[in-house]
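Notes follow once the structure below has been shown.
The values are calculated or read from the model by the stated rules, or taken from the named source; none is laboratory data. Being a predicted model, the structure only gives us computed values, none of them experimental. Note that we place each Cβ from the backbone using ideal geometry, even for glycine, and neighbour counts take in every protein chain shown.
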Amino acid sequence: MPVDTNVGASCPACTTTNLPKAQFCLACGAPLSSPAQADRRVVSILFADLSGYTQLSEQLDAEEVHRLILDCLDRLSTCIARWGGYVDKFIGDCVMALFGAPVAYENEPERALRAALDMQEALREWAQEHSHAFGEEGEFRPQLRIGINTGPVVTGLFAGGGALNYTAVGDAVNVASRLENQCEPGRILADATTCDQTSHLFEFDEERVLDLKGRREAVRARHVIKAKPERGRARGFEARRVPLIGRSAELARLREQWQRARGGEFQLCLVTGPAGIGKSRLLEELIKSEEGTADHLAVGRSYPYASSTPWEPIAELIRSKHDLPVDLAPIRAAARIVSSSTSTWTPQLEAGLAIALGGPVSEASELQGFSPAERQELIRNAAVRSLASDEDTPRLLVLEDLHWADQTTLEALCRLPELKLPGPVMVLLISRPPLPSETALANLLEAVSNRIDLQPLPKEDSRRLVDGLLEPHELPGHFLDRIAERAEGIPLFLEELLKSLIAGDAIHQEVGVWKAKGSLDDVHVPDTIESVLSTRIDALDQSAKSVLQYAAIVGRRFWNGVLADALVQRPVDRELSTLLDGAFVRALPFSTVSGDKEYLFEHLLLQEVAYESMLRRLRAELHGAVAEWLERRLGEQATEYAEWIAFHHERSNQPDRALPYLSKAADTARERGSLSDARALVERALNLATVPESKARLLILTEDIAAESGAVETRRKALDDLEALAQEHEDDRIAAEAEYRRARYQLHSGDLSGARANGEKALERFQRLGDISMQADVLRTLARVSHLWGDQREALKFYRLSLPLEREAGDRYGQAEVFDQLGLVQIDLDDFTTALDYFEAAREICAEIAQRPAEARIIGHQAMTLYWLGRYEEAVHAARMALQLAERCGSLQAQAGAKLALATALSGLGANAEAESLASQVRETAESAAQPSLEARACLLLAQIQKGSQAEKSVKRARNLARQAGLSHVDILALTREAELCLQEGDIEGAEQVSAEATHKLSMRGKIEGPEEAVLYVRAKALKALGREEEASHILRQARETIREKAEKIEDPDIRQSFVNIPLNRDALGDSAAGD
């Protein structure tokens, strides 16, 4: 692992080699410099005093006071050392520290102030931990007074009383001590020099003039408020705010759209352009040009190591909008957003918001039973709602670096044009142009019509930018033209070129004017932005350069802890300060990793160049160290950041260690309904897997995800690979999984005989393996095959065989599914009473295990059964119960099913207007969700309610969808309705042909989910209309017999009478076309 190889001085007494910057020998204690050595230097002196020390000494025993004060001073000393300070001495409860001696750095005032702020925080933590020792309220409450002064002193080793100490003497030391005496408890008071040199870094209160004891001249000083969240510009052309050049038209467009948004009109804009073209600068200018915009700004950003982490940039944007710290737990963050909202949030929406913010699905009990598609839709709705403006306050929502965004985020953003966030909101998307393989990003660019594509600046604008950055200057025009031409219109390239020339000492400032330092004719101007950045990086001292490279390993965002603990293996505060001053990185006001300072590279290109400058072998070693640090540092939270850890393990010398994290990240993405991201994560894992069991698990997961997302080719390939793996390793369990999943695939694709054959083979293997849970799953698949084949008796056998296995496996939800399917089979067997009993058993289990969507679906089945029995009012009541439950749990699929059941029941009561409205809603929902089965049933109901051309259109749509979804019963009933319409229009021949097709399909199918008697009765009417009385009588007798058989199975006389009184049944039983 890389370490600091700098070597310290050798001891003049014992010749021991010491650590760098050591002042005394670690072996014998002798001073490493001569007592005669002393020098003059400018330093920042810090004095800190613990107020109330005397009172504390009176309260507690001396030994207890000694223990407490030692612990306190130790913590304060740690803060000083962290920022490169030197503890000069302790005087009771007071500490004196030097910044700039014995070792000098360039930013002594800044480091002194940062140490002071850390000391105040450390004291608060210390006081909290020992509050029990300080007595009741009103007694001792520890506070720290800190005074800081920057000025000239004499430093060196001074002897006195037999002791030899390194210290500083001079008036500046006295002033620092006096400032500490004048400071208010709990605050920091700094002199004017310190404040002036750090005004771009810290916020101060009003200046005060102090008459200090022992001094003739007054001292100007300010109290420190806090560090600024972003570093200002300190010196050189970094300090100059150059007017925006060459982008006035683009800025005017953004300003106009922002004004519209502030007026209440939703705005969506996408800004694209290559790296360094000025996308972020355009945003800065918009914020600067429109008063108050900064107060309404929220920003989210994508990162390369989270490119498959669902909702990552959206989560950051939501936290930014609601001013939530990044380390606030997702559930608490969601609760805080909901509690402050004026909108109505269901528990399911709140749970979805917590998931969007990074929370685990396993903790969202409200979403149990939701399909992945439903979860994704609910999470998206929750995210959109949290970003909408509850009040009249305008919001500028910005998503940057979308070329790194996850698939789920990009797919969600594609729907933004149609969603149109309510309230005065503008969404600004920023991205590089997509690469050929980035189809999701390309789709987003197509979806957003309002785009600003930034182009390189013309040469004359580039030259104006050079002059603006260097003004005033005395540099030759031909040299500046050369720089402008080389930059190729990329503003970042141009700025970095100038920085590299300054770092290389080709140009410098004299009295505020930029001048050449020697001849510029031979100065090399790099050809590319990468060369420019490499030149800047190489100009750093070796220690700072190494820290920058190590930070690039971590990512665009990084933490001081990972550098100090895992990579450099020593404190790196000095180097980070150098990088901050050089505008290589900036400190963030928050941190993802609690307890560590978080930093961000000023530009992604800077991180990329620093990363590429390291040897691949060393990069792999360092990636492994970062992954291990994240595992240790995040602890139980490691699974929440699984993709981060996997990203580093993949690039380490042990890439297989990424497997469990990629699998976990894929599971999490799937649970969130982010199937495209889950699929990408599994593909990465498959590239690493070598052990057959691991490959099998991943292929099974791939097949599951493909099945849920409808990716037929991906699903087929996963099955082929799983079968090949089983054959290669002769693994019975993998073979059983492959056969079961092949059967399931064949069932869904309509190959019932193939599904039956593979299901039977899988069942035999799982029986040999003794896996009862999988046996139950296979039996349910075989039962479904038999049910679709029309062999209800065999379907019953398989379902009943699976039920005790589900009980033995302890799968309560599996038991509920079996009961539900048994009910549907009983309906096909015309045993409605038994069906209702099975549905009730299934509903009770779902209620017990809180599977609300499934419970709503089953109540919907009860409602449909009651409708077929002619119990219309009871059916309406049950369907309304199902809808209320579905709405409470937030399941869109359950709501659609309940609405369809309610519409059907209402049509039985003759409430056709309400029924048609509900059925139309279901059809629209199913169409938008690409659910042909649900849409087919909705269209069939619409066809049965509507009349004329509308009904004909719905019939055709229902038949097309039924064929697509393999729903033979819908196809048969749609044909029956088409025959009815033909009869109503007088098209007798058409009615005969269509009804003949319907009865033929019914005879082939045997039983259908629905009234077979209706098919027969309409056929009889068509034949009668053609004058084919004998055939009509024969068919009508079949219809009557079907009705009577069903009625005889109904034990309750009231329910039996309701069934007989169904209008169609009553007409069929009383029609004069049939004999007695």
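Assorted remarks:
- With respect to the stated conditions, Ala762 is assigned to a helix (DSSP H, G or I) and either closer than 30 Å to Leu410 by Cβ or touching a helix residue (DSSP H, G or I) at 6+ places or on another chain (Cβ under 9 Å) (or both).
- Count of residues meeting criterion [under 20 Å from Ala373 (Cα atoms) and outside any loop (DSSP other than H, G, I, E, B)] in segment 850-872: 7
- Against the conditions (1) closer than 16 Å to Arg114 by Cα; (2) modelled with pLDDT under 90; (3) assigned by TED's automatic domain parsing to the domain that holds Glu110; (4) in a loop (DSSP other than H, G, I, E, B), Cys195 satisfies every one except (4).
- Residue list for segment 206-225, restricted to those being out of contact with any Cys (no Cβ under 9 Å at 6 or more places or on another chain), surrounded by 11 or more Cβ atoms within 10 Å (Cβ to Cβ) and not small (Gly, Ala, Ser): Arg208, Leu210, Asp211, Leu212, Arg215, Val219, Ile225
- Of all the criteria given as (1) among the aliphatic types (A, V, I, L, M); (2) in contact (Cβ under 8 Å) with a residue 40 or more places away in the chain; (3) surrounded by fewer than 20 Cβ atoms within 10 Å (Cβ to Cβ); (4) out of contact with any strand residue (DSSP E or B) (no Cβ under 6 Å at 6 or more places or on another chain), the one not satisfied by Ala412 is (3).
- Filtered residues of segment 788-804 (kept if of a type outside the set (Gly, Ala, Ser) and surrounded by 23 or more Cβ atoms within 10 Å (Cβ to Cβ)): Phe798, Tyr799
- Screening Ser933, Ser907 for residues that are modelled with pLDDT of 90 or more and in a helix (DSSP H, G or I) leaves exactly one candidate, Ser907.
- Verdict on Pro360 being touching a Lys or Arg at 6+ places or on another chain (Cβ under 6 Å), over 27 Å from Asn443 (Cβ atoms) and not hydrophobic (A, V, I, L, M, F, W, C): no
Rundown of residues vs (1) assigned to a loop (DSSP other than H, G, I, E, B); (2) free of Cβ contacts under 8 Å to residues at least 60 places away in the same chain; (3) buried (at least 22 other Cβ atoms within 10 Å of the Cβ), yes/no style:
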residue: Ile277; (1), (2), (3): yes, no, yes
residue: Ala298; (1), (2), (3): no, no, no
residue: Thr309; (1), (2), (3): yes, no, yes
residue: Pro313; (1), (2), (3): no, no, yes
residue: Glu316; (1), (2), (3): no, yes, yes
residue: Pro325; (1), (2), (3): yes, no, no
residue: Ala334; (1), (2), (3): no, yes, yes
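- When residues of segment 423-441 are limited to those that are part of a loop (DSSP other than H, G, I, E, B) and in contact with a Gly (Cβ under 9 Å, 6 or more places away or on another chain), the one surrounded by the most Cβ atoms within 10 Å (Cβ to Cβ): Pro424
- With a requirement of 1 or more residues that are under 20 Å from Pro229 (Cα atoms) and among the β-branched types (Val, Ile, Thr), the strands (runs of 3 or more DSSP E) lying completely within segment 553-614 that satisfy it span 585-587.
- Pairs are defined by a Cβ separation below 8 Å, a sequence spacing of at least 6 or placement on different chains, a first member in segment 702-718 that is in contact (Cβ under 8 Å) with a residue 60 or more places away in the chain, and a second member that is surrounded by fewer than 18 Cβ atoms within 10 Å (Cβ to Cβ) and among the polar types (S, T, N, Q); the pairs so defined are Glu708/Ser371.
- Only one of Val682, Val691, Val712 that is touching a Ser or Thr at 6+ places or on another chain (Cβ under 9 Å) and modelled with pLDDT of 90 or more: Val682
- Leu444 vs. criteria without any contact (Cβ under 8 Å) to a residue 40 or more places away in the chain, under 25 Å from Arg556 (Cβ atoms) and in a helix (DSSP H, G or I): no
- Tally, over segment 575-595, of residues that are surrounded by fewer than 19 Cβ atoms within 10 Å (Cβ to Cβ) and at pLDDT 85 or above: 1
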